[in-house]
Ligand code: SF4
């Protein structure tokens, strides 16, 4: 993999050693010879409507799906508190699909997933892969609305919203899904295993290979785990056809 100066700088910032081959001008990542770099509680009363749990969602095109999400009132609390829905961003024919848990305050304000400091780190991780959020990448969340106070999504909210994500996946037809963080991974895989157990192996969601890795916000707090995240991304890349 040939790396630009900016990619090398980002990888160095992620704590990922970059090496230069002795016999070629090619630049690799990690030590020579290394395979890869070392780089609800349910509501007291039901407050969730059917949301995306409607077979009609499975037939919607992009425009109709986006409009349906924009007007969704299925989760009473979320619909009341949100500034706007956060549908997702990127290339609608992308090979890579990155999925987080839910919009935060900045995402709710701007209507785009993964903005702010965590979004910048995700952008840098994408750049290290030779990608950006508008080309060959789509970024979405399990939930399209911000949970107040950035609390974890409730299971019934995730269930209500799942059909929207599933329809996005059906339309995109990605080659690999990267679940960002414990909550997204557990939700998609319907697992209660800790992220440490879900990382390191390949899963499937909707028939698509799925790799679980750390949420960029976690990596901002624990930069020492960036190298592990890079290993996960390399694993995801190996899933591409
Ligand atoms: S989180 Fe999803 S299901 Fe709930 S109100 Fe928002 S768009 Fe609708």
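The values are calculated or read from the model by the stated rules, or taken from the named source; none is laboratory data. Here the structure is a predicted model, which means the values were calculated and not measured. Note: ideal-geometry Cβ built from the backbone for every residue, glycine included; neighbour counts use all protein chains shown.
Miscellaneous remarks
- Qualifying residues in the range 96-108 (those that are touching a strand residue (DSSP E or B) at 6+ places or on another chain (Cβ under 7 Å) and closer than 17 Å to residue 126 by Cβ) - the one farthest from the ligand (Cβ to nearest atom): 96
- Selection over the range 59-95 of residues that are outside any loop (DSSP other than H, G, I, E, B) and away from the ligand (no atom under 13 Å from the Cβ) gives a count of 6.
- Checking each residue in the range 142-162 for being buried (at least 22 other Cβ atoms within 10 Å of the Cβ), more than 8 Å from the ligand (Cβ to nearest atom) and over 16 Å from the mean Cα position of the chain (by Cα) picks out only 147.
- Residues satisfying the stated conditions in the range 109-122, i.e. surrounded by 22 or more Cβ atoms within 10 Å (Cβ to Cβ) and within 16 Å of the ligand (Cβ to nearest atom): 113
- Test result for residue 47, modelled with pLDDT under 95 and touching a strand residue (DSSP E or B) at 6+ places or on another chain (Cβ under 7 Å): yes
- The range 163-181, subset over 22 Å from residue 216 (Cβ atoms) and surrounded by fewer than 24 Cβ atoms within 10 Å (Cβ to Cβ), residue farthest from the ligand (Cβ to nearest atom): 173
- For the range 182-208, the set of residues classified as surrounded by fewer than 18 Cβ atoms within 10 Å (Cβ to Cβ) and either outside the structural domain of residue 218 (by TED's automatic domain parsing) or on the phi < 0 side of the Ramachandran plot (or both) consists of 189, 191, 192, 193, 194, 196, 197, 201, 202, 203, 204, 208, listed by residue number.
- Sole exception among (1) more than 14 Å from the ligand (Cβ to nearest atom); (2) modelled with pLDDT of 95 or more for residue 31, by number: (2)
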